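K.L.:
My questions will all concern the structure given below.
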Amino acid sequence: MSRRRTWRSLPVVHQLRQSVGLQRGMLVTGLVLTGLLVLTALLAPLLAPYGFSQLRGPDGTFGAQQAPSADHLLGTTVGGYDVLSRVLYGTRTALFVIVVAIVLSIVAGVLLGLVSGYLGGWLDRVLVVVADAVYAFPSLLLAIVAAIVISGGQSSLVGGVLAAAVSITVVFVPQYFRVVRAETVRIKNEAFVESARVVGTSTWRIMTRHVLRNATRSLPLIVTLNASEAILTLAGLGFLGFGIQPTAAAEWGYDLNRSIADVTSGIWWTSIFPGAAIVLTVLGLTLVGESLNDLADPRLRSRRRAADAPPPADVAVTPGGGLAAGTDGSTP
């Protein structure tokens, strides 16, 4: 019984059991699309017929802008790469950037927000001003500047993919900082924190054991929404030419940039499939985030329970529109 309760209390499983109707459909759809992204990223070398930067096969070079055929199910790009292989390998780049960007953002944002909110003073004022200044910049413009500074014009795996992830981290850190700081300011005045101070508990132990656990409960909601934003930011960097070169990794934004001229020539396959991958990935992550956000709102939960509650068993409506007697013989 304890194992069953533990399994049912997992974050996403618990919200899935709470959801009903359209909300459950949205959550299930988002989870399926997100699961396909993760599964495709893990199995990309097995699913892709060629390498993401491969230009030659057993019969010679692939050729540029080849229409979909038996050899290339989704055709080839203007650079001669297989579209299907680059779309599949692009899931690995997307997943890698999401994980690195969110992990770094959580570590930096939570640590700074915890220290700023609990200690206060001049350090709190400085960090708040810096976070507000960074948050005021347009996210894509800030990511472009950070990518230029970090990568230094490199296009390797570390210089390209990791630089894109770190540049997205710069955009996300103020969000986690503001949420954790606000919760820390509220929690540090609670009775259990005051009791810990009275018994002589160290400041670091109070921050990590008592405050941190309660100040990070809303982070899973922010993570899912930031994951979709990370995909859009990565695609924007690649589309504008500040992302990853094709020899370093497959990236959907770069492929869209290279396919602009193809659209006017009637060559649709080089753009529609990378674009569809971006749309489906962002849609799946957004559906999960919005569904979890709705389920976390107690007002929406109370409305849903009221709407789904069955009518009293002992009340019936007569054909004339009046109320019939209850099952115990009394009139309601």
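K.L.:
For the range 230-248, check the following and say yes or no: at least one residue is closer than 25 Å to GLY109 by Cα and of a type in the set (Ser, Thr, Tyr).
P.N.:
yes
K.L.:
Being closer than 28 Å to SER85 by Cα and β-branched (Val, Ile, Thr) narrows it down to one of THR247, THR216, so name that one.
P.N.:
When all the criteria are applied, what remains is THR247.
K.L.:
Tell me, yes or no, whether the range 67-76 has at least one residue that is surrounded by 17 or more Cβ atoms within 10 Å (Cβ to Cβ), in contact with a helix residue (DSSP H, G or I) (Cβ under 8 Å, 6 or more places away or on another chain) and on the phi > 0 side of the Ramachandran plot.
P.N.:
Yes: the range 67-76 contains one or more residues that are surrounded by 17 or more Cβ atoms within 10 Å (Cβ to Cβ), in contact with a helix residue (DSSP H, G or I) (Cβ under 8 Å, 6 or more places away or on another chain) and on the phi > 0 side of the Ramachandran plot.
K.L.:
Within the group ALA108, ALA133, which residue is in contact with a Phe, Trp or Tyr (Cβ under 9 Å, 6 or more places away or on another chain) and of a type in the set (A, V, I, L, M, F, W, C)?
P.N.:
One residue alone meets the criteria, ALA108.
K.L.:
Now, a different point. If only one of LEU42, LEU27, LEU88 is at pLDDT 90 or above, part of a helix (DSSP H, G or I), buried (at least 17 other Cβ atoms within 10 Å of the Cβ) and under 24 Å from the mean Cα position of the chain (by Cα), which one is it?
P.N.:
Sole residue among the options that is at pLDDT 90 or above, part of a helix (DSSP H, G or I), buried (at least 17 other Cβ atoms within 10 Å of the Cβ) and under 24 Å from the mean Cα position of the chain (by Cα): LEU88.
K.L.:
Taking the range 200-218 only, how many residues are among the small types (Gly, Ala, Ser) and more than 16 Å from VAL180 (Cα to Cα)?
P.N.:
2
K.L.:
Anything in the range 238-286 that is in a loop (DSSP other than H, G, I, E, B), surrounded by fewer than 16 Cβ atoms within 10 Å (Cβ to Cβ) and of a type in the set (S, T, N, Q)? List them, or say none.
P.N.:
THR247, SER265, listed by residue number.
K.L.:
When you look at SER218, is it at pLDDT 85 or above and over 22 Å from ILE148 (Cα atoms), yes or no?
P.N.:
Here the answer is no, as SER218 does not meet what is asked.
K.L.:
Being under 30 Å from ARG197 (Cβ atoms) and among the β-branched types (Val, Ile, Thr) is the requirement here; does VAL83 meet it?
P.N.:
So VAL83 fails the test.
K.L.:
Suppose we filter ARG181, ARG125, ARG92, ARG186 for residues that are of a type in the set (D, E, K, R) and closer than 24 Å to GLY241 by Cα; which single one remains?
P.N.:
Sole residue among the options that is of a type in the set (D, E, K, R) and closer than 24 Å to GLY241 by Cα: ARG92.
K.L.:
Of everything in the range 179-217, what is in a loop (DSSP other than H, G, I, E, B) and not β-branched (Val, Ile, Thr)? Give them in sequence order.
P.N.:
LYS188, ASN189, GLU190, GLY200, SER202, ARG217
K.L.:
Kindly evaluate LEU162 against the criterion of being modelled with pLDDT of 80 or more, under 19 Å from LEU104 (Cβ atoms) and part of a helix (DSSP H, G or I).
P.N.:
no
K.L.:
Looking at the range 128-146, which of its residues are assigned to a helix (DSSP H, G or I) and closer than 14 Å to THR233 by Cα?
P.N.:
SER139, LEU140, LEU141, LEU142, ALA143, ILE144, VAL145, ALA146
K.L.:
Let me ask you something else. Being crowded, with 20+ Cβ neighbours inside 10 Å and within 25 Å of the chain's Cα centre (by Cα), is that true of even one residue in the range 49-60?
P.N.:
Yes; the residues of the range 49-60 include at least one that is crowded, with 20+ Cβ neighbours inside 10 Å and within 25 Å of the chain's Cα centre (by Cα).
K.L.:
Could you look through the range 195-205, keep only residues that are without any contact (Cβ under 8 Å) to a residue 24 or more places away in the chain and either under 11 Å from LEU114 (Cα atoms) or not basic (Lys, Arg) (or both), and pick out the one that is surrounded by the most Cβ atoms within 10 Å (Cβ to Cβ)?
P.N.:
The residue in question is ALA196.
The values are calculated or read from the model by the stated rules, or taken from the named source; none is laboratory data. Here the structure is a predicted model, which means the values were calculated and not measured. Cβ atoms come from the backbone with ideal geometry, glycine included; neighbour counts cover every protein chain shown.
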